[in-house]
Amino acid sequence: MAYGSVVEVVYPGFGTIVVDGEEYESDVVIEEGRVRRRRKGPSKRYRGQFGHTPLSADEEIPWSAPRLVVGTGAQGRLPLTPELLEEAHARGVTVIALPTSEACELLRSADDANAVLHVTC
């Protein structure tokens with residue numbers, strides 16, 4: 001169970017994620033049991049550098065838990081910027097980056113983690 005009141009996170013496959021029975025067709029952020037759509041606009045400026053819009057510290061990252069689980073997509077291709085990892089370290093947050101299906105598995109037993117879950121690549 002993710003930090004807060006989220007009960008179930010399921011990744012049925014490319015392009016869709018289900019959180020507590022509600023289906024999303026975009027990346028999501030789970031913070032303290034609340035689910036919101038990931039706003040990746042601030043990270044788009046890094047796209048050329050990474051070949052894909054990465055997860056960067058410029059976004060609204062859910063820093064309020066001791067762990068941040070990042071679902072990196074079906075094939076684990078979502079890049080994380082070095083600045084994101086540096087910011088996590090400075091805040092004392094452990095980042096765990098896994099393909100999204102594995103991240104969802106981890107969240108089933110994590111009571112001390114927020115999440116950013118990528119639903120494609």
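Observations on the model:
- Pairs with Cβ under 8 Å, 6+ apart, first in region 44-60 and free of Cβ contacts under 8 Å to residues at least 24 places away in the same chain and within 15 Å of Gly71 (Cα to Cα), second basic (Lys, Arg) and not in a helix (DSSP H, G or I): Thr53/Lys40
- Qualifying positions in region 91-113 - free of Cβ contacts under 8 Å to residues at least 60 places away in the same chain and not hydrophobic (A, V, I, L, M, F, W, C): Arg91, Gly92, Thr94, Pro99, Glu102, Glu105
- Any chance Arg47 is over 20 Å from Gln75 (Cα atoms) and at pLDDT 90 or above: no
- Applying the condition of being modelled with pLDDT under 85 and surrounded by 19 or more Cβ atoms within 10 Å (Cβ to Cβ) to region 1-30 and asking which residue is farthest from Asp112 (Cα to Cα) yields Val6.
- The set of residues in region 63-78 that are surrounded by fewer than 21 Cβ atoms within 10 Å (Cβ to Cβ) and either among the aromatic types (Phe, Trp, Tyr) or assigned to a loop (DSSP other than H, G, I, E, B) (or both) comprises Trp63, Ser64, Pro66, Ala74, Gln75, Gly76, Arg77.
- Residue list for region 44-90, filter: closer than 16 Å to Ser26 by Cα, under 12 Å from the mean Cα position of the chain (by Cα) and of a type in the set (D, E, K, R): Glu59, Glu60
- Pairs with Cβ under 6 Å, 6+ apart, first in region 19-41 and farther than 21 Å from Leu84 by Cβ, second among the charged types (D, E, K, R) and outside any strand (DSSP E or B): Asp20/Glu8
- Contact annotation: residue pairs with Cβ atoms under 8 Å, 6 or more positions apart or on different chains, pairing a residue in region 71-88 that is without any contact (Cβ under 8 Å) to a residue 12 or more places away in the chain with a partner that is of a type in the set (A, V, I, L, M), are Leu85/Val95.
- Considering region 82-103, and only residues there that are touching a Leu at 6+ places or on another chain (Cβ under 7 Å) and part of a helix (DSSP H, G or I), the residue that is nearest to Thr53 (Cα to Cα) turns out to be Leu84.
The values are calculated or read from the model by the stated rules, or taken from the named source; none is laboratory data. All of these numbers come straight from a predicted model, not from anything done at the bench. Here Cβ is always computed from backbone atoms with ideal geometry, including for glycine, and neighbour counts include all displayed protein chains.
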